[in-house]
Amino acid sequence: MTDTPELELLSDDASDRMGRMGLRVFDSIRQAIVQLKLRPGNLLSEADVARQLGVSRQPVREAFIKLAEVGLVEVKPQRGTFVKLISIRQVQNVRFIREAIEVAVVRKAALEASPKRLDEFRALIEAQRDAERRADHMEFLRLDEAFHQALAHAVDTDYAWRVLENLKAQMDRVRHLSMPDATPIDVLIGQHAAIIDAVSRHAPDEAEAAMRTHLSEILLSLPRLAQAHPELFAD
């Protein structure tokens, strides 16, 4: 028996990959895994997923292969395709890579970001505060993603962000699992504000330190989450 929730095919814009069917299916399943709609350990049925998304089995098969390549599913011979458990070691390694990239990005932003970009960052932070007031955790996570992506776009490091997107799915699952209890949202917003304050003052060392503090937050919550949800973690 499979544990497939209701899935929907993402639009071309949401996939952001030219709307090719296999990649749209990949994005739809990836989002469901990251948001924990498909839980670690779930058995995935190629036929069920194809039926729910209204596509043939071929793009689903292609999506499963790509999901295995990025470490989100595992194909077990004679048993089926399963959503992989969250690897603590992989989360820690990806966080290390993410810090190396985003620290470089924010340092560049502190040297180059324009007043218009700074206004965009502040608007995103205000939107995050609004999401916090409404206790809309999914919206906050979307805006958190938009904040980090906007920093990369602001200083023409889009490719660096695309590299991170392909790496950080394991981290994103932990972020969804941590909402709202592991790290209070107001703490995360305060860290975002500290980053932008340093960027606005063209203080690259302070911006770098603020980003390191922010990206270390997951290391504090990870052991607590693994202890609270041992069935979701591999190590």
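The values are calculated or read from the model by the stated rules, or taken from the named source; none is laboratory data. All values reported here derive from a predicted model rather than from experimental measurement. Note that each Cβ is placed from the backbone with ideal geometry, even for glycine, and that neighbours are counted across all protein chains shown. Calculation scope for accessible area: heavy atoms of the full protein, side chains included, ligands and nucleic acids excluded. Shrake-Rupley method; radii C 1.70, N 1.55, O 1.52, S 1.80 Å.
With K and R counted +1 and D and E -1, the other residues having a Cβ less than 10 Å from that of Arg175 yield a net charge of -2.
Surface composition of segment 15-105: carbon plus sulfur atoms contribute 49% of the solvent-accessible area (1.4 Å probe, protein chains only, all chains present).
Calculated FRET efficiency, His137 to Gln78, Cβ-Cβ distance, R0 = 41 Å: about 0.60 to the nearest 0.05. Here the Gaussian network model covers the chain, with springs between Cα atoms less than 10 Å apart; of Arg51, Arg95, Arg39, Arg51 fluctuates the most. Ordered from highest to lowest accessible area with the whole protein assembly present and a 1.4 Å probe, Val70, Val106 read as Val70, Val106. Here the extension length gained between Ser221 and Gln35 equals 65.2 nm, from 0.36 nm per residue of separation less the Cα-Cα distance. Surface calculation, 1.4 Å probe, protein heavy atoms: Arg142 sits at approximately 130 Å² accessible.
What is the sum of charges, Lys and Arg at +1 and Asp and Glu at -1, for the other residues whose Cβ falls under 14 Å from the Cβ of Met211? Here the count lands on -3. The listed residues Glu120, Glu69, Glu102, once ranked by accessible area (1.4 Å probe) with the largest placed first, stand as Glu69, Glu120, Glu102.
The shape of segment 80-205 comes out oblate: with a ≥ b ≥ c from the C-alpha gyration tensor, a/c is at least 1.5 while a/b does not beat b/c. Near Asn166: Cβ cut-off under 11 Å, other residues only, Lys/Arg at +1 and Asp/Glu at -1. The net charge is +2.
Ligands, DNA and RNA are left out, and with a 1.4 angstrom probe the accessible area of the chain is 49 Å² per residue. Screening the chain for whole DSSP H helices with an alpha carbon extent of at least 24 angstrom along the helix axis and a mean Kyte-Doolittle hydropathy of at least 0.0 yields 88-112.
Taking all protein chains in place and a 1.4 Å probe, what share, in percent, of the accessible surface of segment 108-235 do carbon and sulfur account for? Using a 1.4 Å probe with all protein chains present, segment 108-235 comes out at 54 percent carbon and sulfur. When the residues Met171, Met138 are ordered by accessible surface, computed with a 1.4 Å probe over the protein chains alone, the sequence from largest down reads Met138, Met171.
Take every pair of alpha-carbon atoms less than 8 Å apart whose residues are at least six positions apart; their mean separation over the length of the chain yields a relative contact order of 23 percent. Under the classification rounded if a/c is under 1.5, otherwise prolate if a/b is larger than b/c and oblate if not, where does the chain fall, given a ≥ b ≥ c as square roots of the Cα gyration tensor eigenvalues? Note, shape of the chain comes out prolate.
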